[in-house]
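Comments concern the structure below.
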Amino acid sequence: MNKEKGRQDFAALFNKWGIYIILLLMMVLSAIASPNFLTVSNILSVLRQSTPTILLAFGAMFLMISGNMDLSVGAGLAFSGIAALEVYTKSGNLMLGVAFGIFCGIVIGVVNGVITAYLGVPSFIVTLAMDMIIRGLIMIYTNGQAITRTDNFAEIGQGYVGPIPIPIIIVAVTAVVAWFILRNTTMGRKFYAIGGNAEAAKAACINVKRVIVQSYIVSGVLTAMAGIILISRLNSGAPNAGDGYALDAIASTVIGGSSLAGGVGTATGTLVGAVIMGLISNILNLVGVQSYVQKVVKGLIILAAVILDVQSKKKKS
């Protein structure tokens, strides 16, 4: 009896603090594997490079909590970033370029949300098709060539405020806002409600369809921000930018404690999950693991995270 209680206590402790323990262990192992890991420049580099994934993970978190997903964020990232860059280079107005990029993200989010919520098409199918459509539009517009006339657009992704990179400041502000929305707003409570039980949410007079569209709009804004930062950091509007980022974002969110079944997720957990994904890439790069091997490792991590999520839900049931 005592052994069983001990196992239950350990399981409860790990469920609450496990992700933070994993993050700490990874940092220790990284420091052992490479003496360069704990340098300030490397830590800032990891966080800066992880910024697009972190922002996409926050968007995926809002969608997962409301019971949906978006596989088109990689393409949406590229489209919004390139659109922002093009408007900036033609107008010379950085704020106008950023605003237009975010507008593009919102439009993509609205289209995904409306088709999912009002036409009843599963979000998996809608966003998979949207990914192909957007990638095709990007290739048509750019003719498959990268846009390299970036001028001062690179300051967004490469600039600093004092000693702190601008992308890290954006992530910090986003994390606080995401936490506040989920913990202290009616919108956040509605996301949890429809993801936990859509029928009960309807009975409570929540407009489920409108809330789903709202969750896609939030994701669209975050996707556009990620695209603007990535394009400006790379100093190039590459048509294939963001390729593979959708799965990284979903994996980060699941690792952070969000459930694919909906109704579960936190901003702090998502942030830590995305940082863990960034650390994995950094560690593999530091020890010289080849890029195609890294894809295998990330695929296994995604598979393991989903299996753990499914098994956890079965135990609760």
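Worth a mention:
- Any hit, segment 107-120, residues being within 25 Å of N152 (Cα to Cα), of a type outside the set (D, E, K, R), buried (at least 16 other Cβ atoms within 10 Å of the Cβ) and in contact (Cβ under 8 Å) with a residue 24 or more places away in the chain: no
- Against the list (1) surrounded by fewer than 14 Cβ atoms within 10 Å (Cβ to Cβ); (2) more than 27 Å from R48 (Cβ to Cβ); (3) polar (S, T, N, Q); (4) touching a residue at least 24 places away in the same chain (Cβ under 8 Å), the condition N143 fails is (4).
- Within this structure, L308 passes the test of being surrounded by fewer than 16 Cβ atoms within 10 Å (Cβ to Cβ), more than 30 Å from M139 (Cα to Cα) and over 15 Å from the mean Cα position of the chain (by Cα).
- Evaluation of F100 against (1) among the aromatic types (F, W, Y); (2) more than 18 Å from G157 (Cα to Cα); (3) in contact with a helix residue (DSSP H, G or I) (Cβ under 6 Å, 6 or more places away or on another chain) (one fails), failing number: (2)
- In segment 152-200, residue farthest from N93 (Cα to Cα) [restricted to those that are in contact with a Pro (Cβ under 9 Å, 6 or more places away or on another chain) and assigned to a helix (DSSP H, G or I)]: P167
- Selection count where residues are assigned to a helix (DSSP H, G or I) and either touching a helix residue (DSSP H, G or I) at 6+ places or on another chain (Cβ under 6 Å) or surrounded by fewer than 16 Cβ atoms within 10 Å (Cβ to Cβ) (or both), scope segment 21-41: 13
- Index of the failed condition, S236 passing every other in (1) within 27 Å of G113 (Cα to Cα); (2) surrounded by fewer than 19 Cβ atoms within 10 Å (Cβ to Cβ); (3) among the small types (G, A, S); (4) more than 20 Å from the chain's Cα centre (by Cα): (1)
- Failed item, numbered, when G120 is tested on (1) at pLDDT below 90; (2) of a type outside the set (V, I, T); (3) assigned to a loop (DSSP other than H, G, I, E, B): (1)
- The listed residues are S30, S34, S41, and the only one of them that is without any contact (Cβ under 8 Å) to a residue 60 or more places away in the chain and small (G, A, S) turns out to be S41.
- Positions within segment 240-265 being crowded, with 18+ Cβ neighbours inside 10 Å, part of a loop (DSSP other than H, G, I, E, B) and under 14 Å from the mean Cα position of the chain (by Cα), in sequence order: G242, G256, G257, S258, G265
The values are calculated or read from the model by the stated rules, or taken from the named source; none is laboratory data. Owing to the predicted nature of the structure, the values given are computational and were not obtained by experimental measurement. Counting neighbours? That spans all protein chains shown, and the Cβs are built from the backbone with ideal geometry, glycine included.
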